[in-house]
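What follows draws every value from the coordinates through simple rules; no lab data is involved. Since we're looking at a predicted model, the values are computed, not measured. Heads up, the Cβs are rebuilt from the backbone with ideal geometry, glycines too, and the neighbour counts pull from every protein chain shown.
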Amino acid sequence: MDFQSTLFETPAAGLTDFTALERRVLTRGAWVDVLRTWVPRADEVFAALVSEVPWRAERREMYDRVVDVPRLVHTYLGGQPLPHPVLTEAREALGDHYEPELGERFVTAGCCYYRDGNDSVAWHGDRVGRARSHDTMVAIVSFGDPRRLCLRPRGGGESIAIEMGHGDLVVMGGSCQRTWEHAVPKVAAAGPRISVQFRPRNVF
């Protein structure tokens, strides 16, 4: 791990403070919320994620061969303890804030470890389970080096990019998983970055 933590970490406003949240309305009923430096003690959480998560490499079939998935992954299911108490507090705070709009709480926590600029995730939408036919939300918290989260309408259209920094929160909501796609593209150089994606039950 060669992520250079900040000597003076930007103070977070607190997990229950959503006053600086900015919503960008997209097309077809989709939207994205962004809240910078939301997570307190981000350096500490990042270190715990690196050392405590049981990371695994996955392989998947692509065309006529099996290839390595270009990132490490792990998913915490409902009821499983998360690797740092701040993440548990974050999930509860997200539930308190978004439940009136979402109609349910966040349950699972999927983790992705992008070790360098070669690690990435291709264009996709989280459309397995209820997200295939219903509006839902996916809340992403980012730790480590900044990386771009790119979004584009399914079927073509103008794309947008959101740079996710250390401790930032991005929430994709409305029809975003069905009508838009998102990706984290490869870059020439980057340090390690970990994303934690909070999802409701039966959304993948």
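Per-structure values
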| read-out | value |
| --- | --- |
| Cα gyration tensor shape for segment 27-111, rounded if a/c is under 1.5, else prolate or oblate | oblate |
| Length released on extending from Asp116 to Ala20, taking residue separation times 0.36 nm less the Cα-Cα span | 31.6 nm |
| Note, ³J(HN,Hα) from phi for segment 116-125, Karplus 6.51, -1.76, 1.60, rounded to Hz, x at Gly and Pro | 7, x, 6, 7, 6, 9, 6, 4, 6, x |
| Environment charge at Gly156 (Cβ cut-off 13 Å; Lys +1, Arg +1, Asp -1, Glu -1) | +1 |
| Distant-in-sequence amide H partners of Val107 (H built 1.01 Å from N, under 5 Å) | Arg199, Arg201 |
| Computed lengthening from His124 to Val187, 0.36 nm per intervening residue step minus Cα-Cα distance | 20.9 nm |
| Sites Gln80 and Phe204 - FRET efficiency at Förster radius 25 Å, r taken between beta-carbons, to 0.05 | 0.95 |
| Tensor-based shape of segment 45-204 (alpha-carbon gyration tensor, a/c under 1.5 rounded, otherwise prolate or oblate) | rounded |
